[in-house]
Structure formats: C-alpha cells, structure tokens
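J.: Have a look at this one.
The values are calculated or read from the model by the stated rules, or taken from the named source; none is laboratory data. Nothing here was measured: the structure is a model prediction, and the numbers come from that model. As a convention, Cβ positions derive from the backbone with ideal geometry for all residues, glycine included, and neighbour counts pool all protein chains shown.
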Amino acid sequence: MTRESLLMPVLIGASVLAIIAACFLGSTALPPGRLLAALFGGADAGDRLVVWQIRLPRAISAYIVGAALGISGAALQGLLRNPLAEPGVLGVSASASLMATFALYYGIASITPWAVPIAAIIGALAATALITLAALRTQSVVTLILIGVGLSSFAGAAMSLLMNLAPNPFSLSDMINWMLGSVANRSFDEISLAAPFILAGGAILFATRRGLSALTLGEEAASGIGLDLRRQRIFTVVGAGLATGGAVALAGAIGFVGIVAPHLIRPFVGHDPARSLVPSALLSGLILVVADIFIRLLPTSAELKLGVVAALIGAPAFVWIAMQRRGGND
Amino acid sequence: MTDLSVENLTLCAGAMTLVESASFNLAQGEFVALLGPNGAGKTSLIRAGIGLQSANDGRSLLDGTPVHGLSPAQRARQIAYLPQIRPLAWPNAVRDVVSLGRFSHGAPLGRLKGLDAEAVDRALEACGLTDLASRRTDTLSGGELARVHCARAFAAEAPLLVADEPIAALDPRQQFRILDLIRAYVDQGGGALVVLHDIQLAARYASRLIWMKEGRIVADGPPAETLTANRLKDIYGVTARVDGAHIHIEGAA
C-alpha cells in the first residue's frame, strides 16, 4: 500500500524534474539562474527564445505524446486482456501516421491546420475499431497481434507507396519524419492543435477505467457483474483512438512506449488495469522526455529520431514480455 | 422475495434452435440443479434467462420486470452469475478479485469502504479465503481459485445465484466444498440455479432438478420424483440403477 501511495508523487516529481532538465540541457548550456529567469519572463530575449520557443515546447510535446501513448496502451491492454496490446504493435499508430501523411501529400493540410490531427485521428479510430471487431470474433491473443502486424505492414507499405510517389525531396523528408516519429522543432501552436484530442481521449479512458478492472474476469463474467460490455468497448476504442491520433499528429508514429510503461507500473498497482492508467501515462511521458534529452545530447552527426530510439528500447522489451507469457489463455 | 421466472424462452443461432420454449422458476430458498448432456442448451438457457443474451421468443421476468429492461448493474445486484471458469487476465490479489463482486454497487477496486468492504470480508470468510486474501491469484491451486470465484459471486450479496458448472475439473473434496458453500448461501435465504454434471451430487444437494435435452426442459421437480433410471437413459443415454439417492451408472446404453 505504501508502495502504491508513493507511486504518483514520485512520478509527478520525476516528470517535473525531467521537463526542467530538458530546458536546461542542450547545445547552449543555460545555467540554472538564466533558465529560471527565462522561464518566468526575465532574462534576455535570446534565452527566452531558446526556452519558450525551442526546448520547452519540445519537452512538453515529448511528454504529452508519451502520456497519450501510455494511457492508450494501458487501456487497450485492459480491454483486450493482453499485456502486448499497444497502439504501435496493433498498427494504430502506423494507420494514424499513414492518414496524416496522406493529408500532407494531397495538400489537404494546407486548407486548415486541423486537417493533419483530424486525419491522424480518423486513421487511429479506424484501426482501433478494426482491432476491436477482430477481438469480438476471436479469443486468441496471437491472432490479434498478427492482425496488428498485418495492419502495420499495410500502413507501412502504403506509406512507402506515397514516398515512392513523392513529388520532391522535401515532401519525402517530411514523410520520413512522420514515419520515424520526432518531437524536434515543435511549437506551442502545434501542441494546441493536438492537445484537445489527447485530453479528450485521456478523459474518456479515465472516466471508463472501472470497466477495465471488471474485464480481468473475462468478458462473460464481466457482463455478469454488471459491466455494459458494448459501451466499454466503444469508449475504450474512441478514447484510445483520440489520444493516439492526437499523439501521432504531434510526433508521428512512436512505437512500443505504451507497452513498456504499463508493464513496469502493473506490479505497483496490484495488477489492476484501472489503477494502472494514470501512472502509465506519467511514466510513458517521463520515458519519452528522458529519451529525447538523451537524443539531443548524443554527439551524432544527424540527430536521431525519437521514434527510432523508442523502438530500439521498446522492441526488445516487447520480445521479453512476450517470452515471459505462459501459454495458458492463448 | 426475489424470483426469476422464465416463460416460453426460445433461442436460435442461425437455423439451429438452442433452446425451445423453456419455462422454469427460481425463487429464494431453493437449490435447483440444471442437468443435461453437453450441448443440451443449459448455458444458452441461463444466459438468455438472466438477460445476457436476447431471446428470440418468450420472456424472462425478475420480480415481474423483464430482465431486458434492467441495466446490467441493476440485474447484477439481483442475480450473481458465475460462468464457467476462465483464466484471469492479470495476477491480481485474491481480495481484489473478490472485490469485483461489488462492481455493480459502484465500488472501485482496491479502495472499498463500509458496506462493500464488509461484504467482501464476509465472502472471503465464508469461502475460507481470509488467509489467502493478499495472495496473487496465479499462485493458487484450482480448488482455491474456484473458491475465489465463488467468493466473488457471494460478495455481490444478490438474492439469486446462477452458476455454470462451478465444480468442473475439481477433485471430490473441492467439489463438496463448493457445493457446501452454495448450500450455505441457500440456507441463508439465497436462491441458486447450478449447472451440474454429477447426478449423484445434484440429487444430494438440490431441492429440485431441471432436466434438459436437445434444447427442451423435459422434467422439473424434486429428485425423488424426477430422478429415475428411465430418465437417465432418456437424457444421457446411460443404463443405471437408481436406489433412492444412490445411483449406479453401469455404462452407455
């Protein structure tokens, strides 16, 4: 119980520290005095620019993208009763980023700044709904993951097609950004376009979290104890779709974060899916902020993409979690 | 007094008729065993009877109100349902799983208060799980896990209980323990409908037997009246000698 009651304060404290550290570290070192002054409106214009236009929006983007993927991952795992469910693994992120790229490619994005987030969300909702439909037809976890793999591959192939047809190298590099996932050069304007969707999705998932606990018993017994299964499925799909779509609109496809954080959180909350949602969101945000700091400090000639680093850490974790599963309920 | 009254219920899946014009009643204070071979439609009947599945024809009334008119939570507060046991998705603590029995009362897992916490304590106590309350469910034996599911159903403190093969795959001692728990629940005023495959145990515990064959209810009454050698031959296709409550099944007919 003490472990669980410490969890939230520790995560919140670490998150705040990580975001401050992200503002502090970078190519130009900002001593703490100048950083504080810049944060609170003092200091010179250059410092304020670095903090408010570059580092803070980047750190906050990483944090909310991580949080959105973390809460979506935890909720999908609860709904599908499977620790391997996650927007990236199930092809939801890839579908969202395909739709976003599509909107960019065909110039729909120039009509309204809302076009990209909305396209990403449509892609995410369609993929999540498809996965849930498949989940209605099969009890097999393996089948679901395979459908996700198929969906990811299809979205990847369609992305490659768009890249193949890319009219010029600039749109090509734009698309690569979407595919690999990155929070570099994000502004508060872009954050404010994605944030409402992420917040709405997160709020829906949070409000309907109790049903996820009930699903621990399986769908039949969960209905038996008074869960409205249809309603739960719809809300979780819509919530995860909105949050993931918003995250992809801001940062492109970043995979595997939503799998690692809930896995680490679960033992601290008695393996209750409902209680794992918020801590998973905070931890995922924290992981992405720290990963992004790491990327910026690495002395590589071209900056690594956040999605690449997330997958390099997350994919082995996915394999490890999969290998730990016992055959039982597959 | 809460009672469940199923009237002329018919349930089809495509061209197949799973349940055909079945009627029965379940009241508090009764221990009813539902018997029949695999595929007779027992699970379909109870699922449609408690409103988890919509029937093609007929109706099911809970205290005179159609079960379909009730919200899932309202229904769950009146009827505790124990489906055939499936593996749990996560290795929760025993107490957390039993707490899910209070779901329809709006209680969040892990933070039960007042009446909810007391109901869970009583259910744990009744099922002999108090010492195991903080154990993870993936460390339990099959018999212990079956008691956890029972405790979860009892924690709802609903006037009626519907259990689908609660003693399947348990050793003889555990089978008696589970049926003793259900009998204690009935003695305290509950009404239980239990799907069983062990005719001997059904005759011993139940006050009434409902016999199903090919989607129809073919008999409904106390063991002394409905349990005969002819019935066993008709329902299960076995030859048997019935001597009071003793049944000797001799082989396939």
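J.: Across region A:227-238, what is the total count of residues that are farther than 18 Å from A:Pro83 by Cα and surrounded by 24 or more Cβ atoms within 10 Å (Cβ to Cβ)?
T.: Here is the first cut: in region A:227-238, the ones farther than 18 Å from A:Pro83 by Cα are A:227-232, A:234-235, A:238.
If we keep only those that are surrounded by 24 or more Cβ atoms within 10 Å (Cβ to Cβ) too, we end up with A:227.
Of the residues in that region, 1 qualify.
J.: Which numbered condition in (1) under 17 Å from A:Tyr63 (Cβ atoms); (2) in contact with a Gly (Cβ under 6 Å, 6 or more places away or on another chain); (3) among the small types (Gly, Ala, Ser) is the only one that A:Ser192 fails?
T.: (2)
J.: Here is a follow-up. In region A:276-307, how many residues are surrounded by fewer than 17 Cβ atoms within 10 Å (Cβ to Cβ) and either without any contact (Cβ under 8 Å) to a residue 60 or more places away in the chain or under 22 Å from A:Ile145 (Cα atoms) (or both)?
T.: Counting residues in region A:276-307 that are surrounded by fewer than 17 Cβ atoms within 10 Å (Cβ to Cβ) and either without any contact (Cβ under 8 Å) to a residue 60 or more places away in the chain or under 22 Å from A:Ile145 (Cα atoms) (or both) gives 6.
J.: Working only within region A:216-225, note down all residues that are touching a residue at least 12 places away in the same chain (Cβ under 8 Å) and either outside any helix (DSSP H, G or I) or more than 7 Å from chain B (Cβ to nearest Cβ) (or both). Let's see the steps before the verdict.
T.: Within region A:216-225, the subset touching a residue at least 12 places away in the same chain (Cβ under 8 Å) is A:216, A:218.
Residue satisfying the conditions is A:Gly218 alone.
J.: Sticking with this one: Just to be sure I understand the filter: pairs with C-beta atoms under 6 Å, separated by 6 or more residues or on different chains, first member in region B:184-195 and assigned to a loop (DSSP other than H, G, I, E, B), second member at pLDDT 95 or above and crowded, with 22+ Cβ neighbours inside 10 Å. Which pairs pass?
T.: Qualifying pairs under 6 Å: B:Gly190/B:Leu161.
J.: Do you know which residues across region B:197-229 are of a type in the set (Gly, Ala, Ser), more than 18 Å from the chain's Cα centre (by Cα) and part of a helix (DSSP H, G or I)?
T.: B:Ala224, B:Ala229
J.: Please verify whether A:Val50 is β-branched (Val, Ile, Thr), part of a helix (DSSP H, G or I), in contact with a helix residue (DSSP H, G or I) (Cβ under 8 Å, 6 or more places away or on another chain) and at pLDDT 80 or above, treating the condition exactly as stated.
T.: In short, yes.
J.: Looking only at region B:81-104, count every residue that is at the interface with chain A (Cβ under 7 Å from one of its Cβ atoms) and within 17 Å of the chain's Cα centre (by Cα) and tell me the total.
T.: So the answer is 4.
J.: Let me ask another. Confirm whether B:Ser141 is in contact with a strand residue (DSSP E or B) (Cβ under 6 Å, 6 or more places away or on another chain) and among the hydroxyl-bearing types (Ser, Thr, Tyr). Steps first, answer last, please.
T.: Details: in contact with a strand residue (DSSP E or B) (Cβ under 6 Å, 6 or more places away or on another chain): no; among the hydroxyl-bearing types (Ser, Thr, Tyr): yes.
Spelling it out, it is not the case that B:Ser141 is in contact with a strand residue (DSSP E or B) (Cβ under 6 Å, 6 or more places away or on another chain) and among the hydroxyl-bearing types (Ser, Thr, Tyr).
J.: Report whether or not A:Arg209 is within 14 Å of chain B (Cβ to nearest Cβ) and not acidic (Asp, Glu). Show your work before the answer.
T.: Details: within 14 Å of chain B (Cβ to nearest Cβ): yes; not acidic (Asp, Glu): yes.
Yes: the conditions hold for A:Arg209.
J.: In region B:132-149, what count of residues is obtained for those that are in a loop (DSSP other than H, G, I, E, B) and touching a Leu at 6+ places or on another chain (Cβ under 8 Å)?
T.: First, the residues of region B:132-149 that are in a loop (DSSP other than H, G, I, E, B): B:133-135, B:140-141.
With the extra rule that they be touching a Leu at 6+ places or on another chain (Cβ under 8 Å), the set shrinks to B:133, B:140.
Matching residues across region B:132-149 total 2.
J.: With respect to A:Gly41, is the statement that it is part of a loop (DSSP other than H, G, I, E, B) and surrounded by fewer than 21 Cβ atoms within 10 Å (Cβ to Cβ) true?
T.: On the way: part of a loop (DSSP other than H, G, I, E, B): yes; surrounded by fewer than 21 Cβ atoms within 10 Å (Cβ to Cβ): yes.
For A:Gly41, the condition - part of a loop (DSSP other than H, G, I, E, B) and surrounded by fewer than 21 Cβ atoms within 10 Å (Cβ to Cβ) - is met.
J.: Here's another thing I want to ask about it. Considering region B:140-157 alone, what residues qualify as being in contact (Cβ under 8 Å) with a residue 12 or more places away in the chain, more than 10 Å from chain A (Cβ to nearest Cβ) and not aromatic (Phe, Trp, Tyr)? Spell out the reasoning first.
T.: The first filter runs over region B:140-157 and keeps only residues in contact (Cβ under 8 Å) with a residue 12 or more places away in the chain, leaving B:140, B:142-157.
Among the residues that remain, those that are also more than 10 Å from chain A (Cβ to nearest Cβ) are: B:140, B:142-148, B:150-151, B:154, B:157.
Within region B:140-157, B:Leu140, B:Gly142, B:Gly143, B:Glu144, B:Leu145, B:Ala146, B:Arg147, B:Val148, B:Cys150, B:Ala151, B:Glu157 meet the criteria.
J.: Could you tell me which of the residues B:Thr65, B:Thr130, B:Thr17 is closer than 29 Å to B:Gly237 by Cα, away from chain A (no Cβ under 14 Å) and hydroxyl-bearing (Ser, Thr, Tyr)? First the steps, then the outcome.
T.: Numbers: B:Thr65 fails: closer than 29 Å to B:Gly237 by Cα; B:Thr130 fails: closer than 29 Å to B:Gly237 by Cα.
Result of the check over B:Thr65, B:Thr130, B:Thr17: B:Thr17.
J.: Which pairs have Cβ atoms under 6 Å, sit 6 or more apart or on different chains, and link a residue in region A:1-24 that is of a type in the set (A, V, I, L, M, F, W, C) to one that is not in a helix (DSSP H, G or I)?
T.: That search, which allows pairs on different chains as well, returns A:Phe24/A:Leu30.
J.: When you look at A:Gly46, is it out of contact with any Ser or Thr (no Cβ under 7 Å at 6 or more places or on another chain) and on the phi > 0 side of the Ramachandran plot, yes or no? Steps first, answer last, please.
T.: Values: out of contact with any Ser or Thr (no Cβ under 7 Å at 6 or more places or on another chain): yes; on the phi > 0 side of the Ramachandran plot: no.
Judged against the criteria, A:Gly46 is not a match.
Table: residues versus (1) without any contact (Cβ under 8 Å) to a residue 60 or more places away in the chain; (2) in contact with a Gly (Cβ under 9 Å, 6 or more places away or on another chain); (3) in a helix (DSSP H, G or I); (4) of a type outside the set (Phe, Trp, Tyr).
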position: A:Glu86; (1), (2), (3), (4): no, yes, no, yes
position: A:Ser95; (1), (2), (3), (4): no, yes, yes, yes
position: A:Val116; (1), (2), (3), (4): no, no, yes, yes
position: A:Gly123; (1), (2), (3), (4): no, yes, yes, yes
position: A:Ala129; (1), (2), (3), (4): no, yes, yes, yes
position: A:Leu144; (1), (2), (3), (4): no, no, yes, yes
position: A:Gly150; (1), (2), (3), (4): yes, yes, yes, yes
position: A:Ala158; (1), (2), (3), (4): no, no, yes, yes
position: A:Asn177; (1), (2), (3), (4): no, yes, yes, yes
